[in-house]
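A quick write-up on the structure given underneath.
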Amino acid sequence: MAQKRIIIIGGGFGGVKCARTLRDRLRPADAEIILFNRENHLVFSPLLADAVGSSLNLMDVIVPLRQLLPGVVCRTEEVRQIDLVRNEVEFEGFDSQPRRLGYDHLVIACGNISNLNVVPGMADHAFPLKTVGDAAVLRTHVLEQLEKAEVCDDPARQRWFLSFIVVGGGYSGVESAGEINDLLRGSLRFFPHIRKEDVTVTLIHSREQLLPEISPQLREFARAKMVKAGIAIKLNARVLLATGEGVGLPDGFVSGGTIVCTIGSTTAPILARLEAPKEKGRVLTEPDLRLKGCSNAWAIGDCAAIINAHDGLPSPPTGQFAERQGRQCAENIARTLRGEATRPFTFKVLGQLCSIGGHCAVAELFGFKLSGFLAWFTWRGVYLFKLPSWARRIQVGFD
């Protein structure tokens, strides 16, 4: 078999899993595997909130792609255009000039991008939490707010410096609120002029309950634990606007010196320019993960609308689904190269895990419900074993 070229666009959970599986299934002489990703590392996005709260080192939540993907060509140029007719991608070269590269098979795994413009003023006044750079900036800002409050001689302004608002009650919002609260309250012993009652963390969610993906029992456990830790929770509250002084709700205004926004995403520009069938900005796929109407282009992860053959429902945009789609896609490409029939994507959810701060978490795994420290320990362990080597696991484990 002549060597084929397989291009993967995106270095998230799905793209990385696809590349690793392809390298395991195909010999180097059979296929050249190229992965394009603007950053040279994989971000363990569920751990970004822990990096904000300093319970994990920033370097513990990223893994260099070249270390993670031996035998895969990793490139950081930005892919600008996909030509499905000519089987080529256009990317920006090192000299900022456009280059083109042909492929035999293409995997689109570019995900979505943050779009804080879903709420007026949010893009100007809120901190996103999507990349390790976002986590570093936010952690620095939280500590700067403590420093300003320590020397502020105006009590009202001091309380404003110490008021933090987190918008969104999904996984990212809950984890961010818990970690910021832990960082603030754990740091107070170093700031003698700040009273603990002046520190406020407010979590705002537009639905009736936090964490709609998990059972009502665990939702209530998470809510109660967070309230006990000092986090104010506002449910059924939709943020209408954001300003430099706080956020506006239908029934009033919440003042705060820091706004963290964990809602809002939009289609990646490369997908917006792609001429392919889409639904709400996500490309449509066949059951085996090929793009609708294409024989050699595939799509996985958040950027694709994929029906799970296990239950006939759309796949949610979570890491565990992206990883399984990446593996299934790679295996189907390998089957195609061998002239075998492909198989539809099917996956039974293993469980859900979410940290809520204070070394507590909630989890549903294989039908079992866990909460508290045991759930937190399990949650950390799951991501620990996703790291690429035992040396790295031991290092991060000790951290």
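The values are calculated or read from the model by the stated rules, or taken from the named source; none is laboratory data. All of these numbers come straight from a predicted model, not from anything done at the bench. Because the Cβ atoms are built from the backbone with ideal geometry, glycine has one as well, and the counts that use them run over all protein chains shown. These accessible areas exclude ligands, DNA and RNA; they are computed on the full protein's heavy atoms, side chains included. Shrake-Rupley method; radii C 1.70, N 1.55, O 1.52, S 1.80 Å.
Consider only pairs whose beta carbons are under 8 Å apart and that are at least six residues apart or on different chains; among these, list those whose first residue lies in region 314-337 and is part of a loop (DSSP other than H, G, I, E, B) and whose second residue is open to solvent by 30 Å² or more (accessible area, probe 1.4 Å) and charged (D, E, K, R).
The qualifying pairs are Pro316/Glu213; Pro317/Asp302.
Mind counting the residues in region 301-338 that are at positive phi and within 19 Å of the chain's Cα centre (by Cα)?
Number satisfying all stated conditions: 1.
Among the listed residues Val137, Val89, Val142, identify the single one that is part of a helix (DSSP H, G or I), open to solvent by less than 60 Å² (accessible area, probe 1.4 Å) and among the β-branched types (Val, Ile, Thr).
On inspection, the qualifying residue turns out to be Val142.
Here is a list of conditions, (1) under 20 Å from the mean Cα position of the chain (by Cα); (2) open to solvent by 60 Å² or more (accessible area, probe 1.4 Å); (3) under 30 Å from Ile231 (Cβ atoms); (4) without any contact (Cβ under 8 Å) to a residue 40 or more places away in the chain, and Thr378 meets all of them except one; can you say which number that is?
For Thr378, the failing item is (2).
Examine region 29-43 for a residue that is crowded, with 19+ Cβ neighbours inside 10 Å, aromatic (Phe, Trp, Tyr) and not in a helix (DSSP H, G or I), and state whether such a residue exists.
Within region 29-43, one or more residues are crowded, with 19+ Cβ neighbours inside 10 Å, aromatic (Phe, Trp, Tyr) and not in a helix (DSSP H, G or I).
For region 62-83, give me the residue count where each residue is over 15 Å from Arg5 (Cα atoms), in a loop (DSSP other than H, G, I, E, B) and either open to solvent by 20 Å² or more (accessible area, probe 1.4 Å) or polar (S, T, N, Q) (or both).
Result for region 62-83: 4.
Looking at region 84-105, is at least one residue closer than 19 Å to Gly326 by Cα, in contact with a Phe, Trp or Tyr (Cβ under 9 Å, 6 or more places away or on another chain) and either of a type in the set (Val, Ile, Thr) or free of Cβ contacts under 8 Å to residues at least 40 places away in the same chain (or both)?
No: region 84-105 contains no residue that is closer than 19 Å to Gly326 by Cα, in contact with a Phe, Trp or Tyr (Cβ under 9 Å, 6 or more places away or on another chain) and either of a type in the set (Val, Ile, Thr) or free of Cβ contacts under 8 Å to residues at least 40 places away in the same chain (or both).
Please find, among Ala232, Ala242, the residue that is in contact (Cβ under 8 Å) with a residue 12 or more places away in the chain, on the phi < 0 side of the Ramachandran plot and either assigned to a loop (DSSP other than H, G, I, E, B) or more than 24 Å from the chain's Cα centre (by Cα) (or both).
Among Ala232, Ala242, only Ala232 is in contact (Cβ under 8 Å) with a residue 12 or more places away in the chain, on the phi < 0 side of the Ramachandran plot and either assigned to a loop (DSSP other than H, G, I, E, B) or more than 24 Å from the chain's Cα centre (by Cα) (or both).
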